[in-house]
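First comes the structure, then the notes that go with it.
The values are calculated or read from the model by the stated rules, or taken from the named source; none is laboratory data. Quick caveat: nothing in here was measured; it's all calculated off a predicted structure. Don't worry about glycine lacking a Cβ; one is built from the backbone with ideal geometry, like all the others, and counts go over all protein chains shown. We work out accessible area using only protein heavy atoms, side chains counted, and drop any ligands, DNA or RNA first. Shrake-Rupley method; radii C 1.70, N 1.55, O 1.52, S 1.80 Å.
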Amino acid sequence: MKRLRGLAVGLVLCLFSIPVFSQVDLSYYLPDDVNYNPEVPTPQSVIGHEVGEWHITHDKLVYYMRALAAASDRVTLEDIGTTHEGRPQVLLTFTHPDNHAGIDKIRTDHVWLTYPPESEKFDVKKMPSVVYLGFSIHGNEPSGSNASMLMAYYLAAAQGPEIETALRNTVVLLDPSFNPDGLNRFSTWANMHKSKNINPDPNDREYSEAWPRGRTNHYWFDLNRDWLPVQQPESRNRIAKFHEWKPNILTDHHEMGTNSTFFFQPGVPSRTHPLTPKENQELTAKIGTYHAKALDRIGSLYYTKEGYDDFYYGKGSTFPDINGGIGILFEQASSRGHAQESANGILRFPFTIRNQFTAALSTWQSAVEMREELLTYQRDFYKKVLREANNDDVKAYIFKAEKDAARSYHLADILQMQEIDFYRPSRRIKTDGMEFQPEDSYIVPLDQRNYKIIKAMFETRKEFTDSLFYDISAWTYPLAFNLEYSEMSARDYGRNQLGDKVTEVEFPSGAVIGGQSAYAYAFEWHGYYAPRAANRLLSKGIRLKVATQPFTAEKAREESFDYGTILIPVANQSLSEYDLFLEMQKIATEDGINVYNITTGLTDGVSLGSNSFSTVTKPKVALMVEAGSSYDAGEVWHLLDTRMDMLVTKLPANRLSTNAIDRYNTIILTGGVSMDKEGVENLKNWVRNGGTLIGTGSAVTWLSSQKFTNLKYASSERPSGENIPYDQVTNFRRAQFTPGGVFMSKLDLTHPMAFGYYKEELPTFRRGNTFITPSDNMYSNPARYTNEPLLSGYITDANLEAMKGTSTVRVNALGRGRVVSLVDNPNFRAFWYGTNKLMMNAIFFGRIVNTAAAR
Ligand SMILES: [Zn+2]
């Protein structure tokens with residue numbers, strides 16, 4: 001050991017062996033070859049305990065960071081936004097005080113490197129590199145956030161000429177908690193179960209968190225899948241800062257299973273996304289040598305180049321790779337609570353924190369020493385990107401959602417968040433048999449510096465070098481949004497087709513066409529927010545009907561009104577004629593739909609008083625929680641609560657077997673549930689009495705196994721695998737799994753489950769190999785996979801064959817009630833806007849599906 005100085009003096013014990021349950025102090029974590037400025041507050045002096053003694057709560061973490069920023073001229077702190085639960089997201093900027101004086105220019109010069117050819121004017125020899133250190137995006141993987149205090153302290157307090165030089169040559173952005181709500185949820189759990197005598201028994205409650213656990217954010221979303229789709233506020237705040245800085249390296253500190261060691265990227269080489277340049281992986285490997293050396297020094301085991309990958313760009317360690325930077329994943333074996341028995345002996349929380357801190361520090365060192373290399377790589381990356389765009393057969397993407405501007409608005413919003421340049425067409429464009437108008441379409445040219453992000457969002461891919469995926473294999477956005485879109489080649493596209501550049505996307509506002517009505521109003525169900533409008537009206541006690549047939553209303557408009565049109569009679573409502581008109585104006589502007597004044601009940605097709613209009617019942621929705629997938633449940637909660645403004649009761653699974661369910665008319669299950677016979681019977685009786693029971697994902701097979709439905713499965717021919725060597729069996733078996741891709745379904749547009757859709761074809765997200773054969777009952781098959789379903793993603797030939805023609809949606813009757821099986825998850829990660837309507841239709845119209853013959 002080197003001699004100890006500064007704060008570390010007297011804390012000599014133990015780099016390699018610490019008494020198992022004695023408390024550690026700062027000297028355990030920090031390098032002992034530098035002095036620490038005594039003016040800079042240590043974590044303990046602010047938070048009241050030593051790092052690792054308790055799990056840091058988010059408020060204390062922020063409190064410490066603010067104290068540090070106040071005490072040191074090396075660091076500034078900014079609030080970059082708030083989480084769902086209102087917690088501040090803070091970002092600290094560490095650099096030499098001289099750099100701080102001109103930080104705006106440093107930032108803008110840095111970003112100029114991403115703009116060829118102007119980037120040539122900048123001398124990378126004189127520019128600092130930019131490192132973004134990001135911690136614990138999974139809240140129950142807390143060693144990262146706890147280590148962030150050590151890293152922040154080190155950057156503010158470590159002294160000496162080498163440190164000064166390093167600070168001059170780098171800007172370190174430090175985000176102590178990528179997921180404040182999840183971190184706080186988990187720290188509460190771990191701290192409330194800590195014993196005075198720390199008990200490492202894995203059976204202790206401390207190590208088995210309650211559903212939904214602290215990994216996710218408030219609505220139970222995995223934020224480490226949201227870097228590309230940016231549907232959560234935490235991601236939006238962070239991505240804005242990312243683009244403001246375009247860091248050279250971004251670290252993403254995680255935890256994995258308790259019996260593991262430590263992992264750093266690169267991951268499995270064959271599983272790197274083809275859009276990521278080879279040089280990116282080479283630099284990642286070179287940075288890895290710094291981690292290896294640092295971990296060797298403290299005696300920690302580690303591994304690299306296996307287990308994890310760099311494929312899905314929605315992850316923090318992969319997203320930088322299409323932005324001219326290097327993303328680095330760290331995975332530390334998790335002690336989960338304060339200490340736990342493991343295959344490597346007792347794994348103590350401080351040990352996990354020290355590894356994370358060590359890796360953050362080695363990252364910084366690599367950013368100092370590889371500075372010019374990283375900056376040059378970044379500049380070249382953007383130069384090459386323009387060349388690649390030039391060589392691409394596709395020159396632009398054009399898209400619209402003809403009858404639902406809200407859906408194309410939400411994709412445009414993502415483009416804007418990702419700093420992609422896009423335009424309105426300058427005039428009508430005809431391509432691929434479609435017409436795109438300036439007022440309803442967006443056009444995205446590829447010859448721009450964010451070419452790679454655009455490709456990552458828009459391309460389809462069916463060929464892969466590997467058959468294993470850590471996450472999904474495809475996520476094509478215009479398909480997820482069910483848009484009309486086209487890839488434009490050089491033949492179709494010219495820059496003169498670009499009209500106004502879109503600088504601020506605006507939510508589409510509708511109008512009440514024809515003004516105040518004395519007779520009736522109608523709005524079609526095409527709008528993404530039509531269910532929100534319907535729910536608003538129902539909540540005010542306004543009676544609504546839904547058209548189960550199309551009709552034409554004279555004077556209102558020339559086209560016919562489609563299946564699923566909502567009719568609001570003016571007579572006999574609880575609101576006056578004028579107040580009802582005001583409500584119509586409100587839904588038109590706030591929900592982005594056109595409402596039509598209808599002056600007569602005599603229409604072409606069915607008349608307004610016909611039985612072809614069914615009464616719409618106000619949904620009273622319960623969502624099962626504490627069983628099944630918390631992600632899927634969270635997606636439903638998020639959809640209904642944040643987008644549709646609907647009340648949804650999160651109902652603990654054990655109450656499904658009680659009469660608590662009698663106050664709902666709709667229950668959603670996102671997974672199976674263990675329930676005794678009486679419980680199942682209770683739930684069945686609720687359906688028989690008229691309830692709508694909706695199942696997604698594994699709930700579909702559970703409902704069938706419990707005889708709510710009676711589904712039959714199509715099985716794929718299993719490959720024999722007889723010549724597979726022992727050490728490849730696991731991979732072989734995993735390769736049979738469908739990891740998540742896009743497949744085409746075909747809708748019956750006359751079916752209530754398809755109301756609001758205006759195209760038969762619907763791209764559907766599918767994961768897993770459950771294939772349901774269509775029902776003999778013709779009422780019960782609103783959606784099936786086509787005979788050529790693969791649009792984008794990985795699937796084996798045998799599974800693809802088995803999928804053809806199978807059901808994606810089924811409706812079965814049970815007594816007076818309905819059971820709706822949504823075989824795929826229609827709400828995937830909140831960006832699958834195209835299939836959300838299936839869920840809303842099940843909620844609003846499941847109960848009106850014809851039962852005469854349904855079984
Ligand atoms: Zn993680």
Note to self: For segment 673-693, check the following and say yes or no: at least one residue is touching a strand residue (DSSP E or B) at 6+ places or on another chain (Cβ under 8 Å), within 26 Å of Tyr528 (Cβ to Cβ) and assigned to a loop (DSSP other than H, G, I, E, B).
What the structure shows: no
What do you reckon, is Lys650 open to solvent by 50 Å² or more (accessible area, probe 1.4 Å) and touching a Leu at 6+ places or on another chain (Cβ under 7 Å)?
-> yes
Only unsatisfied item for Leu608, checking (1) touching a Leu at 6+ places or on another chain (Cβ under 8 Å); (2) open to solvent by 20 Å² or more (accessible area, probe 1.4 Å); (3) over 26 Å from Ile694 (Cβ atoms), is (2)
Filtering strands (runs of 3 or more DSSP E) wholly in segment 427-522 for at least 2 residues that are open to solvent by 40 Å² or more (accessible area, probe 1.4 Å) gives 434-436, 484-489, 498-501
Can Leu361 be described as surrounded by fewer than 24 Cβ atoms within 10 Å (Cβ to Cβ) and not in a helix (DSSP H, G or I)?
no
Checked segment 533-551 for anything outside any loop (DSSP other than H, G, I, E, B) and either of a type in the set (Ser, Thr, Tyr) or surrounded by fewer than 21 Cβ atoms within 10 Å (Cβ to Cβ) (or both); matches are Arg536, Leu538, Ser539, Lys545
Of the residues in segment 810-844, those that are open to solvent by 10 Å² or more (accessible area, probe 1.4 Å) and of a type in the set (Gly, Ala, Ser) come to Ala813, Gly815
Of (1) surrounded by fewer than 24 Cβ atoms within 10 Å (Cβ to Cβ); (2) within 16 Å of the ligand (Cβ to nearest atom); (3) modelled with pLDDT of 95 or more, Ala333 satisfies every one except (1)
Note on segment 660-692: residues open to solvent by 30 Å² or more (accessible area, probe 1.4 Å) and under 29 Å from the mean Cα position of the chain (by Cα) are Ser674
Flag for Met149 being within 30 Å of Ser187 (Cα to Cα), open to solvent by less than 30 Å² (accessible area, probe 1.4 Å) and away from the ligand (no atom under 16 Å from the Cβ)
yes
Residue set Thr95, Thr76; condition open to solvent by 10 Å² or more (accessible area, probe 1.4 Å), touching a strand residue (DSSP E or B) at 6+ places or on another chain (Cβ under 8 Å), hydroxyl-bearing (Ser, Thr, Tyr) and at pLDDT 95 or above; output residue Thr76
Scanning segment 795-806 residue by residue, those free of Cβ contacts under 8 Å to residues at least 40 places away in the same chain and not in a helix (DSSP H, G or I) turn out to be Lys804, Gly805
Query raised in the report: Within segment 113-135, is there a residue that is within 16 Å of the ligand (Cβ to nearest atom) and either more than 22 Å from Trp245 (Cα to Cα) or among the basic types (Lys, Arg) (or both)?
Result: no
Could you check, for segment 216-224, whether at least one of its residues is touching a residue at least 12 places away in the same chain (Cβ under 8 Å), open to solvent by less than 30 Å² (accessible area, probe 1.4 Å), within 13 Å of the chain's Cα centre (by Cα) and away from the ligand (no atom under 16 Å from the Cβ)?
yes
Among Arg185, Arg213, Arg225, Arg168, the single one that is basic (Lys, Arg) and within 25 Å of Leu361 (Cα to Cα) is Arg168
Contact list, first residue from segment 244-259 and open to solvent by less than 10 Å² (accessible area, probe 1.4 Å), second anywhere and within 11 Å of the ligand (Cβ to nearest atom) and β-branched (Val, Ile, Thr), beta-carbon distance below 8 Å, six or more apart or interchain, is Asp252/Ile137; His254/Ile137
Taking segment 716-735 and the residues there that are touching a residue at least 24 places away in the same chain (Cβ under 8 Å) and among the charged types (D, E, K, R), the one that is farthest from Thr806 (Cα to Cα) would be Arg734
Reported set for segment 302-323 where residues are on the phi > 0 side of the Ramachandran plot and in contact with a Pro (Cβ under 9 Å, 6 or more places away or on another chain) is Lys305
The residue that is most open to solvent (accessible area, probe 1.4 Å), considering only those in segment 225-235 that are assigned to a helix (DSSP H, G or I) and closer than 17 Å to Asp252 by Cα, is Arg225
Of the listed residues (Gly768, Gly697, Gly721), the one being within 24 Å of the chain's Cα centre (by Cα), farther than 30 Å from Asn659 by Cβ and modelled with pLDDT under 95 is Gly768
Across segment 615-656, the tally of residues that are touching a residue at least 40 places away in the same chain (Cβ under 8 Å), closer than 18 Å to Asn827 by Cβ and among the polar types (S, T, N, Q) stands at 3
Test Asn723 against the criterion of being closer than 16 Å to Arg847 by Cα, open to solvent by 70 Å² or more (accessible area, probe 1.4 Å) and not small (Gly, Ala, Ser), and give yes or no. no
Taking segment 564-594 and keeping only residues that are open to solvent by 50 Å² or more (accessible area, probe 1.4 Å), in a loop (DSSP other than H, G, I, E, B) and at negative phi, one is left with Ala571, Ser574, Ser576, Asn594
